[in-house]
Amino acid sequence: SFPIGNTTVTWTSTDGAGNFVTCTQVVTVVDNEAPVITCPSDTVVGNTPGLCGAVVNYTAPVGTDNCTGATTVLVSGLASGSTFPVGITTVVYAVVDGNNNGDTCSFNVTIADSLAPTAVCQDITIYLDNTGNVNILGTDVDGGSSDDCVIDTLTLSQYNFTCSAIGTNNVTLYVTDTYGNIDSCTAIVTVMDTVVPTVMCQNINVYVDNAGNVSITPNDIDGGSSDMCGISAITASQTTFTCAELGLNNITLYVEDNNGNIDSCVAQVTVYDTIAPAITCPTNQEVSTDNTCMYEIEDYTSMATSSLDNCDMNNVIITQIPAAGSFITADNIINDKGETVVSIIVEDLSGNADTCEFIVNVTCIDALTIPNVFTPNGDGKNDLWNIAGKENYPDMKVKVFNRWGDLMFESGTGYETPWDGKYNNAEAPAATYYYVIMLGNDEEDLSGTINIVR
């Protein structure tokens, strides 16, 4: 057989006489038959714990050829005994003979990630915002989860929390790697509300009652307080008021939500007294004066009766119109009877007032001079209580009483015998006595005081 390549063949022809002739021939043998290589079958291997891959051993293919000198090489992929990554690695081998005839084969090494991640949770505390909400992410409760390869997602069983979740909540963390393997753990998510309520006050006016008291409720000064998690209690620093608090009072309103957060504001509570004291006037008064018809009006306020004021008790102001000491006449007032309207006004310190009225009827009489003192001491001077002008009243009678109402003296008609200051023929003691002069003829009686001085 001829080898691969060119072979020169020399041919010689010799005759019987020994003569010969030669020629050459080149025989060329060409190798055009490719070598053959066969790879192992595809293989699937699970990853090694702790590695994102696995060591794979396989029988490396060796090509065969009809001629010697064929070479087998690893074209791509990893050699047997290498650590293959998770996924598909294509391994390609080629064989080439000395005449550059070649062949290739390939097979797939699949490393399957069948190991789940290791989920690690951590407990957290979160706080609601002003809207009563709070959101978390998977990373918030992840305590260091891991995977041999790559973690793809961290998902939660609950992301949003509201006032209804106050306290502890079990939240599941799901850890998924890039190959779909899942592990989970449970974290305790403690939800807290530390946002104080929104407190709004409103100013109010209140009015004491007849007893001088008034009460309010905290809601009276609440101007619309609110809290996202609900209000549990509304209280005020003061809810009862008396006359001692008349005027402006700063009252603190406290609002507490369902989770113990408290805030406050200040409302102005203005306390008013609008209840007037009551006054009752004396009955109409009948008075008389001399023929000048001038009468000095008395102080009638002591004769009026006023109720206790709800706030100022007896500390009220009582005034009389016309004032005591004013002069009035029978011609000066309303009608021919000489009636004068007298008003008595009672006013408390808050300016509440009540008024009553009565009539003082002034009667003018002819001149009648009534002394208010005489000295019955036997010296012949002013020993008798003489009443000048008595002759104008022939029917006049006089009675004198002591301070206890005992009758000390009673005259006859016309007061012909004046009082000598004696009682039962004994000297009456020096004192003030009270007289009534009955003029007769339907004239108004006169009354007053007479003093005995010895």
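Observations on the structure shown:
- Those residues of region 176-197 which are part of a loop (DSSP other than H, G, I, E, B) and under 22 Å from residue 158 (Cβ atoms), in sequence order: 193, 194, 195
- Enumeration of residues in region 33-56 that are of a type in the set (Gly, Ala, Ser), surrounded by 14 or more Cβ atoms within 10 Å (Cβ to Cβ) and in a strand (DSSP E or B): 53, 54
- Considering region 57-141, the qualifying strands (runs of 3 or more DSSP E), each wholly inside and each with 2 or more residues that are at pLDDT 95 or above and under 60 Å from the mean Cα position of the chain (by Cα), run over 124-127, 133-135.
- For region 402-454, the candidate set comprises residues that are closer than 12 Å to residue 370 by Cβ and in contact with a Lys or Arg (Cβ under 6 Å, 6 or more places away or on another chain); within that set, the residue that is surrounded by the most Cβ atoms within 10 Å (Cβ to Cβ) is 415.
- Conditions (1) exposed (fewer than 14 other Cβ atoms within 10 Å of the Cβ); (2) outside any loop (DSSP other than H, G, I, E, B); (3) modelled with pLDDT of 90 or more: number failed by residue 270: (1)
- Residues (under 16 Å from residue 141 (Cα atoms) and free of Cβ contacts under 8 Å to residues at least 60 places away in the same chain) located in region 169-185: 169, 170, 171, 172, 173, 174, 175, 176
- Taking the listed residues 415, 393, the one that is in contact with a helix residue (DSSP H, G or I) (Cβ under 8 Å, 6 or more places away or on another chain) and of a type in the set (Phe, Trp, Tyr) is 415, with no other qualifying.
- The set of residues in region 88-142 that are farther than 15 Å from residue 169 by Cα, surrounded by fewer than 19 Cβ atoms within 10 Å (Cβ to Cβ) and either among the β-branched types (Val, Ile, Thr) or in contact with a helix residue (DSSP H, G or I) (Cβ under 6 Å, 6 or more places away or on another chain) (or both) comprises 88, 89, 90, 92, 104, 110, 118, 120, 131, 132, 139.
To keep it simple, each residue is scored yes or no on (1) closer than 30 Å to residue 41 by Cβ; (2) out of contact with any strand residue (DSSP E or B) (no Cβ under 9 Å at 6 or more places or on another chain); (3) not assigned by TED's automatic domain parsing to the domain that holds residue 74.
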| site | (1), (2), (3) |
| --- | --- |
| 97 | yes, no, no |
| 102 | yes, no, no |
| 129 | no, yes, yes |
| 141 | no, no, yes |
| 154 | no, no, yes |
| 158 | no, no, yes |
| 171 | no, no, yes |
| 176 | no, no, yes |
| 179 | yes, no, yes |
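- Region 180-199: number of residues that are among the acidic types (Asp, Glu) and under 32 Å from the mean Cα position of the chain (by Cα): 1
- Pick from region 301-311, criterion out of contact with any strand residue (DSSP E or B) (no Cβ under 6 Å at 6 or more places or on another chain) and surrounded by fewer than 19 Cβ atoms within 10 Å (Cβ to Cβ), ranking: nearest to residue 361 (Cα to Cα): 303
- Options 205, 210; residue that is under 28 Å from residue 237 (Cβ atoms), of a type outside the set (D, E, K, R) and outside any strand (DSSP E or B): 210
- Some residue of region 359-378 being without any contact (Cβ under 8 Å) to a residue 40 or more places away in the chain, assigned to a strand (DSSP E or B) and within 30 Å of residue 281 (Cβ to Cβ): no
The values are calculated or read from the model by the stated rules, or taken from the named source; none is laboratory data. Not measured: the values here are computed from a predicted model. All Cβ positions, glycine included, derive from the backbone under ideal geometry; neighbour counts span all protein chains shown.
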